[in-house]
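Visitor: Have a look at the structure that comes next, please.
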Amino acid sequence: LPYAFDNPYPVVIQTASPGKLPEYLAAGRPILYFGPEYSYLKWYFDKTKAGLCVTNPDKNALLSSLRQIRDDSNLRASLSIKAVEAAQNHDASTVAKIAWQTIDEVCR
C-alpha cells in the first residue's frame with residue numbers, strides 16, 4: 001500500500017483508508033505499507049500488527065522490508081494471520097454492532 005510522502009494535503013493521508021483495505025486483509029497475504037508516519041494506515045497496522053510499515057521514503061528502506069518479508073517465513077505467517085483477524089473487524093455486521101454501541105454510549 002503506497003501513500004504519498006510529499007502530499008500537499010496531509011490531512012487526507014492522516015485520515016484516509018482505502019476502500020479495498022478489508023479485501024487486502026481478507027486475502028491473508030502480507031501487507032507492506034509504504035508511506036508517512038502520521039497516516040491512519042500506519043496507526044492501524046501498528047495497532048493490528050496486520051501489516052509491515054516503512055515510513056522512511058528511502059528506496060533502500062523499502063527494499064530491505066521487501067527482503068524481510070521474502071526471507072522471514074515467521075513474519076509472513078504472522079502478518080497473514082493478523083491480517084485475516086483484522087479483516088473480521090470490517091465485516092458489516094461487526095461494524096454495525098460497534099456503530100450502534102457507540103451511538104448508545106453517546107446518547108446516554
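The values are calculated or read from the model by the stated rules, or taken from the named source; none is laboratory data. All of these numbers come straight from a predicted model, not from anything done at the bench. Quick reminder, even Gly has a Cβ in these numbers, built from the backbone with ideal geometry, and neighbours come from all protein chains shown. These accessible areas exclude ligands, DNA and RNA; they are computed on the full protein's heavy atoms, side chains included. Shrake-Rupley method; radii C 1.70, N 1.55, O 1.52, S 1.80 Å.
Visitor: Out of 79, 63, 75, which single residue is buried (at least 16 other Cβ atoms within 10 Å of the Cβ) and either touching a helix residue (DSSP H, G or I) at 6+ places or on another chain (Cβ under 8 Å) or not β-branched (Val, Ile, Thr) (or both)? Full working, then the answer.
Guide: Working: 63 fails: buried (at least 16 other Cβ atoms within 10 Å of the Cβ); 75 fails: buried (at least 16 other Cβ atoms within 10 Å of the Cβ).
Residue meeting the stated conditions: 79.
Visitor: Any chance you could count how many residues in region 47-60 are among the hydrophobic types (A, V, I, L, M, F, W, C) and open to solvent by less than 30 Å² (accessible area, probe 1.4 Å)? Steps first, please.
Guide: Of all residues in region 47-60, those among the hydrophobic types (A, V, I, L, M, F, W, C) come to 50, 52-54.
Filter again for open to solvent by less than 30 Å² (accessible area, probe 1.4 Å), leaving 50, 54.
The number of residues fulfilling the criteria is 2.
Visitor: Follow-up. Pick from 102, 94: which is of a type in the set (S, T, N, Q), on the phi < 0 side of the Ramachandran plot, exposed (fewer than 14 other Cβ atoms within 10 Å of the Cβ) and out of contact with any helix residue (DSSP H, G or I) (no Cβ under 7 Å at 6 or more places or on another chain)? I'd like the intermediate steps shown before the answer.
Guide: Details: 94 fails: out of contact with any helix residue (DSSP H, G or I) (no Cβ under 7 Å at 6 or more places or on another chain).
Result of the check over 102, 94: 102.
Visitor: So, one more: Kindly indicate whether residue 44 is open to solvent by 40 Å² or more (accessible area, probe 1.4 Å) and either among the β-branched types (Val, Ile, Thr) or not in a strand (DSSP E or B) (or both). Reasoning before the result, please.
Guide: Details: open to solvent by 40 Å² or more (accessible area, probe 1.4 Å): no; either among the β-branched types (Val, Ile, Thr) or not in a strand (DSSP E or B) (or both): yes.
When the stated conditions are applied, residue 44 does not pass them.
Visitor: Here is a follow-up. Restricting attention to region 1-38, which residues are outside any loop (DSSP other than H, G, I, E, B), touching a Phe, Trp or Tyr at 6+ places or on another chain (Cβ under 9 Å) and open to solvent by less than 70 Å² (accessible area, probe 1.4 Å)?
Guide: Taking region 1-38 as the starting set, the residues that turn out to be outside any loop (DSSP other than H, G, I, E, B) are 2, 10-15, 21-26, 32-34.
Those left that are additionally touching a Phe, Trp or Tyr at 6+ places or on another chain (Cβ under 9 Å): 2, 10, 13-15, 21, 33-34.
Passing the criteria: 10, 13, 21, 33, 34.
Visitor: Determine, yes or no, whether residue 69 is part of a helix (DSSP H, G or I), open to solvent by less than 90 Å² (accessible area, probe 1.4 Å) and among the β-branched types (Val, Ile, Thr).
Guide: On the way: part of a helix (DSSP H, G or I): yes; open to solvent by less than 90 Å² (accessible area, probe 1.4 Å): yes; among the β-branched types (Val, Ile, Thr): yes.
Against the criterion (part of a helix (DSSP H, G or I), open to solvent by less than 90 Å² (accessible area, probe 1.4 Å) and among the β-branched types (Val, Ile, Thr)), residue 69 qualifies.
Visitor: Would you check which residues across region 72-94 are part of a helix (DSSP H, G or I), free of Cβ contacts under 8 Å to residues at least 12 places away in the same chain and not β-branched (Val, Ile, Thr) and list them?
Guide: Hits for region 72-94 are 73, 74, 77, 88, 92, 93.
Visitor: Hey, another quick one. Of the conditions (1) in contact (Cβ under 8 Å) with a residue 24 or more places away in the chain; (2) under 19 Å from residue 74 (Cβ atoms), residue 41 satisfies every one except a single condition; which number is it?
Guide: Here residue 41 clears every test but (2).
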